């Protein structure tokens, strides 16, 4: 079984959402996962022949999806949602 190589992880913001971008290579194929930091679910996965191609595709797709999500504050008096 091939071992993950060229692993990288970084945080950034897309469409107002904090995301974590993980990229690595298995054999000759690169894989990128864009994860939403809160609640921590993956948004997009992509694969390709180069790191640049794979990350660009994943970031483009994630930005489109995240732009569709509306952030709405919780109801007045809600204390269970962090940051509000």
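Quick notes
- Residues within region 30-42 that are assigned to a strand (DSSP E or B) and over 21 Å from residue 4 (Cα atoms), tallied: 1
- Of everything in region 42-55 that is at pLDDT 85 or above and within 12 Å of the chain's Cα centre (by Cα), the residue that is surrounded by the fewest Cβ atoms within 10 Å (Cβ to Cβ) is 45.
- Checking each residue in region 56-73 for being surrounded by fewer than 11 Cβ atoms within 10 Å (Cβ to Cβ) and modelled with pLDDT under 80 picks out 70, 71, 72, 73.
- Scan of region 12-29 for residues that are over 13 Å from residue 59 (Cβ atoms) and either touching a residue at least 24 places away in the same chain (Cβ under 8 Å) or not in a loop (DSSP other than H, G, I, E, B) (or both), ordered by number: 16, 18, 24, 25, 26, 27, 29
- Scanning region 16-41 for residues that are surrounded by 14 or more Cβ atoms within 10 Å (Cβ to Cβ) and closer than 20 Å to residue 68 by Cα turns up 17, 19, 20, 21, 33, 34, 35, 36.
The values are calculated or read from the model by the stated rules, or taken from the named source; none is laboratory data. Just so it is clear, the structure is predicted and the values come from calculations on it, not from any experiment. With ideal geometry, Cβ positions are generated from the backbone for all residues, glycine too; neighbour counts draw on all protein chains shown.
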